[in-house]
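Notes for the one structure printed next.
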Amino acid sequence: MIRALGPEDLDAFIQIRSDSLWMSPEAFGSDPRAPEAFNRMATHKDLKAKNERNFILGYFQADKLVGMMGFILSERAKIRHRAFIWGVFVYPDCRGMGIGKALMQELLARATQLDGLDKIVLSVNHSSIAAKRLYESLGFQQYAVEKDAMRWNGVSLDEIFMEWRNSH
C-alpha cells in the first residue's frame, strides 16, 4: 500500500530515514545518524505540514514502512515550475519487487495534477545503476553530471542529475 506519510508515521519515518543513511551512505548528502539523533519535534512538525506540493510517499508491507520518496515543489515564484525528488530508498531485502517503480508512478500521478509544474528533477549516485535505469524507464533524462560531488570513506562519488518533463 502506498500513502503519504503524516505525523502519525513519525517513528517509522525516522527509522527508515536513519536506516537509509546507514545502509546507503553513498546515495545521500546527509550524514548517517541514529534515530535518537533526529529532532523529533521538528520532524513531527515537518510531517504535519505536508501537503499536495510537499509530501513523502511511503510503501507499506504488512504495516511496515519499507520504501519512501520525498517530493517538494517550492512556493517561490521563480522556481515553482520545477519540483525535486529526494530521499528515495527501499530496504535492500525489498528491492527488485517493483516498490521503487510503484512509488515513482504514484508520485508522478500526483505531480501531473499540480498546476504550473513543468519538470521534476532528481539526483542519483553514478554507481546506483538500477535506480538510474528505473528513472530512465519512467521518462527521466540525464542533463548533467557533477564530478566528485561527494566523498565517502575516501572515495570520490559523481552525482547524475536527471529531469522529467510534464507533458500536461
Of residues in the stretch 90-128 being within 16 Å of the chain's Cα centre (by Cα) and without any contact (Cβ under 8 Å) to a residue 12 or more places away in the chain, the one farthest from residue 55 (Cα to Cα): 98
Long-range neighbours under 8 Å by Cβ, at least six apart or interchain, first residue at negative phi within the stretch 14-30, second of a type in the set (S, T, N, Q): 14/43; 21/30; 26/125; 26/127; 27/20; 27/125; 27/128; 28/20
Subset of the stretch 120-168 (residues that are at positive phi and loosely packed, with under 13 Cβ neighbours inside 10 Å): 148, 153, 154, 168
Test: residue in the stretch 73-85 that is of a type in the set (Lys, Arg) and touching a Gly at 6+ places or on another chain (Cβ under 8 Å): yes
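Values in this text are rule-based calculations from the coordinates and carry no lab data. None of the values given here were measured: they were computed from a predicted structure. Cβ sites come from the backbone with ideal geometry, for glycine too, and all protein chains shown count toward neighbours.
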